[in-house]
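Structure record follows, encoded as structure tokens.
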Amino acid sequence: MDLWMIVALAIAIVIFLWFFFTFIPIALWISAVAANVKIGILTLVGMRLRRVPPARIVSPQIKAVKAGLNIHTNKLEAHYLAGGNVDRVINALIAAQRANIALEFERAAAIDLAGRDVLEAVQMSVNPKVIETPAISAIAKNGIEMVAKAKVTVRANIDRLIGGAGELTVVARVGEGIVTTIGSSESHEEVLENPDKISRIVLGKGLEAGTAFEILSIDIADIDIGRNIGAQLQTDQAEADKRIAQAKAEERRAMAVAVEQEMRAQVQEMRAKVVEAEAEVPKAMATALREGKLGVMDYYNMMNVVSDTQMRNSIAGTDEHALSSEAPE
């Protein structure tokens, strides 16, 4: 019975020691003490209870102390609980200190919580970054298209990093400045002769206002001649004018055809009335003969006059035909 008690006691001691060394990071505490970081065992236990991994706090604090930074553990723990990256913030503070850049922990933590890479911002402040714009198309006043690419050298401005616009805004503003400068040029030859003019004008517009960067230079990397947009627009306008003229001519032709058809209808109507009137002549003559208003001799004389008139018309028509046939071609 005593043997079982000794075994059970040994097992209990092993479990206790395992739980003690697992829940209380003794090795981490020893490392902190060796690095002259003032942190107690109870503080580490409190981190465990607050679901904060002690290594995420103590290791960055050891780096900070070795770099000469005095940052309290509570600030690091609060930043971790807020969802920040403690190790990245400490690395940024160390890099800023080495580069003589004024950066406090509160501002670095705010930049990190804003979703920006504070370490990259510090590195960009020391080593400026080159942003290459896509191909930007612009048209000079003479209608020639110019396609330009620019390289923008920027440096991070830590003071404007919170709330400042990003790289896309800088690229968009530079593109707008290039389009405006080329568009105000009299000809594409002027742009090709002085490409640095674009850089000077665009750089003088203060495009970095409201952004998280400071523009150091704008260099035109490449510029090519594109299409002759002016000539193409003139061709399209001429084609449109041609179609408009054709439509108006077709409209006038249709109106002329309508007027001609209307006149033909009127002529046919007049002919019908003449035929109708001519049909009444024999009736009137018959009535006159019956009533004695027209004699037989008068009727014959009138018919002779009609025959003579028809003969004269026939002779005149024959002569005109002969003359027209003998005329030289």
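Okay, here's what the table says:
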{"read-out": "Accessible heavy-atom area order of Leu216, Leu294, highest first, probe of 1.4 Å", "value": "Leu216, Leu294"}
{"read-out": "Solvent-accessible surface ranking, highest first, for Thr180, Thr169 at 1.4 angstrom", "value": "Thr180, Thr169"}
{"read-out": "Within the chain, helix-based [θ] at 222 nm, where runs of 4 or more DSSP H residues each add -39,500 (n - 2.57), nearest 500", "value": "-22500 deg cm²/dmol"}
{"read-out": "Nearest-20 debye value, the chain charge dipole, Cβ charges on Lys, Arg, Asp, Glu", "value": "2920 debye"}
{"read-out": "Pairwise FRET efficiency - Lys63 versus Ala165, Cβ, R0 = 30 Å, nearest 0.05", "value": "0.40"}
{"read-out": "Most fluctuating residue given options Lys63, Lys248, Lys205, as computed from a GNM of the chain linking Cα atoms under 10 Å", "value": "Lys248"}
{"read-out": "Added length on full extension, which subtracts the Cα-Cα distance from 0.36 nm per residue, Met302 to Val45", "value": "77.9 nm"}
{"read-out": "Cα gyration tensor shape of region 37-113, rounded if a/c is under 1.5, else prolate or oblate by comparing a/b with b/c", "value": "oblate"}
{"read-out": "Helical segments meeting 30 Å axial Cα length and Kyte-Doolittle -0.5 threshold in the chain (DSSP H)", "value": "2-23, 296-326"}
{"read-out": "Amide H partners (placed H, <5 Å) of Leu207, local residues excluded", "value": "none"}
{"read-out": "Cα-based reach from Lys283 at 29 Å (exclusive), listing lysines while leaving out same-chain residues under 8 positions away", "value": "Lys273, Lys293"}
{"read-out": "Rough spin-label spacing in nm, given labels placed 7 Å along Cα→Cβ, for Lys149 and Val275", "value": "8.5 nm"}
{"read-out": "Heavy-atom SASA rank of Asp236, Asp308, Asp112 (probe 1.4 Å, accessible area, largest first)", "value": "Asp236, Asp308, Asp112"}
{"read-out": "For the chain, accessible area per residue (1.4 Å probe, heavy atoms of protein chains only), Å²", "value": "66 Å²"}
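The values are calculated or read from the model by the stated rules, or taken from the named source; none is laboratory data. On a predicted model such as this, the values are computed, not experimentally measured, just so you know. Don't worry about glycine lacking a Cβ; one is built from the backbone with ideal geometry, like all the others, and counts go over all protein chains shown. Please note that ligands, DNA and RNA were not included when accessible areas were found on the heavy atoms of the full protein model with its side chains. Shrake-Rupley method; radii C 1.70, N 1.55, O 1.52, S 1.80 Å.
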